[in-house]
1. Using a Förster distance of 35 Å, how high is the FRET efficiency between residue A:87 and residue A:157, based on the Cβ-Cβ distance and rounded to 0.05?
2. For the stretch B:18-186, what is the convex hull volume of the alpha-carbon atoms per residue, in Å³?
3. Could you tell me the calculated FRET efficiency between residue B:297 and residue B:78, based on Cβ-Cβ distance and R0 = 45 angstrom, to the nearest 0.05?
4. Using Cβ contacts closer than 10 Å as the measure, can you line up A:22, A:340, B:183 from fewest to most?
5. Counting other C-beta atoms within 10 Å, which of A:86, B:45 has the fewest, and how do the rest follow?
6. Rg and Dmax of the stretch A:145-195 over Cα atoms: what are they, in angstrom?
7. Just to confirm my numbers, what's the Cα centroid distance between the stretch A:309-325 and the stretch A:35-92 in Å?
8. Under a plain spin-label model, where a point goes 7 Å from the Cα along Cα-to-Cβ, how far apart in nm are residue A:54 and residue A:310?
């Protein structure tokens, strides 16, 4: 950070002291801009990325130490229900199939309830070191600091929980800073592209138009960008994961809205690491990272337009009020005039 | 309403104190329309959402549950076969246990897979047990607040589309609610803080404090002046003057300044960051205490973890109030479920507004502090050069 300030201040002074026509000044200015950009946008992005990397490593190490108690628990219950089944078999040993099946059904139902309950505590047939692979931990730390929170992978140990809380405390402000910054930068780029396109398309017929007219990117363009991004992502997930198309759209939309239900998560293979490859997880990480940047951009662009529109509406409303007021006054005056004539 | 107001206005226009009253009334109505209106809007939107999701999802028959039932009967039959087989020979306990353990392990795997695909543990063929009013209410709340626990989620395609549309409309609404309520709460909190904590109501304390403050300012001003004179010689004056913050009038009489200080708006008093942080921590801890009394299995640590994860809108959904009670169709439990759901949703709404308030209060001070540090860093760097 210190170097940034030193660079920025010295360069700014240098560029201002030199004459404007000098090409060296221009180059220096350009350099300064690049450095500033690197430090603000790229640097922040790298910071966020590094933060997720650190988080991934630390969570991996913390959670791998924790052991699953659930399989033991389930084994204990299995033994208990086996004894019950044996009792049932002894009781209905007189070839009474109907009674036997009723009793067995009851026992099995109880067992099933137990299994479901233990599953909700977080049962998994794989050991913690299989679950907490590096890509999965990376996805987890991203989901924490972006507030998505899928919840398919959660810290089980007390230390893990504590670290998750602290990690979120520092990560969320960092992420919000990144969000705002990237939104600004992307919005600038998008606006520039839009302006170029707009000029290209309208130059031949509008030569006489006022040049300083402000061009505001319409919100429909942002909406189109978002919709395309979601649909493209959905297509990719549809192809990889074998979900239905609607499900993939649902996944992309809920992820980019930061809701993160967690009913669909790329790589169910997190839970069965032998099946899927972890590259998909990394790709979906990148997809979500960029998607959130795009959301920030749209937020930035739309805010501008909505402000403009609200201002317009307010002006219209005020004018309308003024209009009606003057009309009413005129009307009253007229009535008074008529009354005066009457009496 | 409008007419009554106007009538009152006409009748009591002459007296001056009534003007105040009228002004107050107008402000009150504006407040009702802007702020209470938005609370009602959010509440109504959530209730509407819960009805929509209830109707869409509640009647949906799950194929999964049929499969679970079939699966169970198949296993019962298998068990019968084993018993029958063993009965032909001598009924040995050891042998029986071995074969049954194998079967049970297989059964367990199948059940786990069903649960992973979304089986909730009840034999009720529709998913109406999950999508009770309270459940659907909490679901719509978690969608618009972007918490998204994921303990309940839509299964039908219509439900998924409805969720997307609902979220797209609901999230801006909720953000509006947050910014509005945060603003109001910040203002009222500032007022309370100024009146109660700083003892602005009793004039003696305030006077003494103001005098102390002014003296300190004067001292600082003197220091700054000497600094300025020294630095003006060494480096460019323009840069330096930027770095000096505006300070109040030095040579004004103390008593005059005191009255000025007392009359300044209550809204200008900064609330320290530590107070905001204390409020947030206190809110999380009190919520955690309540939840760990409410839920049998939660420790205090778990409950505070839940509160933090919910209020920061991460929402893993590994711990959800009332989640363990799912799957028992009994009336008593379902009642408890409803109450804890309602409590949870109120806690969430209040907590998010509180956090918005704290952000509102902290924003100015944090920005100010960052700016001053940047300024000082720049200043120091320039001096060194």
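Each value in this text was obtained by applying a stated rule to the coordinates, not by laboratory testing. Treat the numbers as computed from the prediction; the structure is a model and nothing was measured. Every residue, glycine as well, gets a Cβ built from its backbone with ideal geometry; the counts of neighbours run over all protein chains shown.
1. Working from the Cβ atoms, E equals 0.35.
2. Working: hull volume 24.8 nm³, N = 169.
Given the Cα convex hull of the stretch B:18-186, per-residue volume reads 147 Å³.
3. On the way: r = 34 Å, r/R0 = 0.75.
It comes out at approximately 0.85.
4. Values: A:22 11, A:340 8, B:183 14.
The order, fewest Cβ neighbours first, is A:340, A:22, B:183.
5. On the way: A:86 16, B:45 19.
With the fewest neighbours first, A:86, B:45 line up as A:86, B:45.
6. 16.3, 53
7. 58
8. Rounded to a tenth, the inter-label distance reads 3.7 nm.
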